[in-house]
Amino acid sequence: MDVEQKTEKVSYTSLFELTGRLGTTVPLYDVTTKNVLSRLPHFMPGKLNPDQMKAMIGYIQVDELEKKDIGYKKKEVDRKELSHISTFQVLNNEEIYSICPIGDTHVWMSVSSSNELLNVNKNGKVAESVKLEFYPFCLTMTNTEELLITVDYCSPLIYKLTKDRRVTRFADISPLEAWGISVSDSDEVFVTTKTTTILVLNMSGERIRQISCGGNGLSVVCLTKGDIAVTTGADIFECKEIIVINKSDQIIHKWSGELDNGQTLKKTHQWDIARYRYDRVFVPDSNTDQVYVLSVNEGKAKCLLDKRHGVTYPAVVCVDRWGHVWIGCVDGTVHVMQL
């Protein structure tokens, strides 16, 4: 109250007196005093509630608590649980070459005989188109959300579409020709060349090293832990087998068409493959009108989609992070499914 009353009309003398009173009544902070918590933090023993955790963050696996081993449980891909989202047709019913997710709701698409990149949503509405000076073929997104593009047909050039929609040259891999392309989590760019050589580039487009894949490398997808999956075949879209190469550039697994029903495919036809969680590779096959799922750790594939889902002549596939499966077909039809 003294402070409030004296602030209206205060003299130098009274201000001096007030300052002195405050100095004697307000205790000074003692820097030597240690703050002591009345109760230290502690943890209560017990077990995790898996149902509660699953509702919060998804599917989990809880082992013994003392092992501190808590991880996501692998959710099986079951064709019976697939739900149809939409089916649409691209312009002029042209063949789909490549589909690449953008964020959560859209994809970039390259289409046969077109120099346009199409940005479409799950209902087929074209949100944007970008005209290029070349025909785009295979598409992949970098970790900084820039699009890398190989050229149809037979070109050593790789281009980049930036966020502000500028198209620049990313790399020239002459005398080889760029075909499939994929970017790893560690920003390495893997490029197949329709030969036994796979080139590895950095994000500046410079060559880091090259890998031998033992056959004509076509499509490529980056897996976890630095591994890659590559289709090899006799021509530009006929796959004889899929090989898995580890980060030491060694072939650690091969799939030659073995299915979980005991059958074996002699070959598959597609333009592009895709990877989903837990290193599962999605393989479309326009020969059998099916899309297969291959777990690289299990060695056999199983059918996910076929004619019963309305899918005919699937040639490309991509899976976004929400589990939406986009299937592009030879006749220009695109199916979107939910896993």
| query | Roughly what would the spin-label model give for residue 288 and residue 174, points 7 Å off Cα along C-beta, in nm? | reply | 4.3
| request: Enter the Cα centre distance for the pair the range 263-339 and the range 136-162, rounded to the nearest angstrom. | output: 22
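Just the ratio, please: alpha-carbon radius of gyration of the range 95-221 over 2.2 N^0.38 Å, N its number of residues. List each step's numbers first, then the result.
On the way: Rg = 14.0 Å, N = 127, 2.2 N^0.38 = 13.9 Å.
For the range 95-221, the normalised Cα radius of gyration is 1.01.
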| Mind ordering 115-128, 265-278 by average Cβ neighbours within 10 Å, highest first? | 265-278, 115-128
| message | Suppose each label sits 7 Å from its Cα in the direction of the beta carbon; what would the residue 278-residue 312 distance come out to in nanometres? | response | 3.3
| request: Would you grab the residues whose amide H sits under 5 Å from the one on residue 265? Only those 5+ places off in sequence or on another chain, please, with H modelled 1.01 Å from N. | output: 258, 259
| said: Pairs of alpha-carbon atoms within less than 8 angstrom and 6+ residues apart define the contacts here; what relative contact order does the range 180-318 have, in percent? | reply: 15
| request: On the protein heavy atoms, probe 1.4 angstrom, tell me the percent of accessible surface of the range 153-292 carried by carbon and sulfur. | output: 44
| query | If you take every DSSP beta bridge whose two residues both sit in the range 239-323, what share of them, in percent to the nearest 5, is antiparallel? | reply | 95
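Assuming R0 = 51 Å, can you tell me the calculated FRET efficiency for the pair residue 121 and residue 200, based on Cβ-Cβ distance, to the nearest 0.05?
Working: r = 34 Å, r/R0 = 0.66.
Efficiency computed from Cβ-Cβ geometry: 0.95.
How do the peptides 208-218, 242-252 rank, highest first, by the average count of neighbouring beta carbon atoms within 10 Å per residue? All intermediate terms of the calculation are to be shown ahead of the outcome.
Values: 208-218: 18.0, 242-252: 15.7.
Ranked by mean Cβ neighbours within 10 Å, highest first: 208-218, 242-252.
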| message | Can you compute the label reach from residue 153? Point 7 Å from Cα along the Cβ direction, backbone N cut-off under 16 Å, restricted to the range 254-289. | response | 271
| message | As an exercise, take the mean of 1/r over every pair of distinct alpha carbons in the range 283-337, invert it, and state the Kirkwood radius in angstroms. | response | 11.3
| query | Tell me, what does the Kirkwood hydrodynamic radius of the range 146-280 come to in angstroms if you use every pair of distinct C-alpha atoms? | reply | 15.2
| remark: So residue 145 and residue 251, fully extended at 0.36 nm per residue minus their Cα-Cα distance, gain in nm 35.2 nm
| So what's the Cα pair-distance distribution over the range 90-132, bin width 5 Å, in %? | 6, 25, 36, 26, 7, 1
| Packing-based ranking, highest mean first, of 97-106, 312-321 given that Cβ atoms within 10 Å are counted | 312-321, 97-106
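Suppose all protein chains stay in the model; what accessible area per residue would a 1.4 Å probe give for the range 188-339, in Å²? Please list the in-between numbers first.
Values: 5910 Å² over 152 residues.
On a per-residue basis, 39 Å².
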| field | HN-Hα J in Hz across the range 215-221 - Karplus 6.51, -1.76, 1.60, θ = phi - 60°, x for Gly and Pro | value | x, 6, x, 10, 7, 8, 9
| message | Once you place label points 7 Å from the Cα toward the Cβ at residue 322 and residue 303, how far apart are they in nm? | response | 2.9
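The values are calculated or read from the model by the stated rules, or taken from the named source; none is laboratory data. For clarity, every value in this text was computed on a predicted model and none was experimentally measured. Glycine also receives a Cβ, built like all others from the backbone with ideal geometry; neighbour counts cover every protein chain displayed. The protein model used for the area step is the full one, side chains on, heavy atoms only, and it has no ligands, DNA or RNA in it. Shrake-Rupley method; radii C 1.70, N 1.55, O 1.52, S 1.80 Å.
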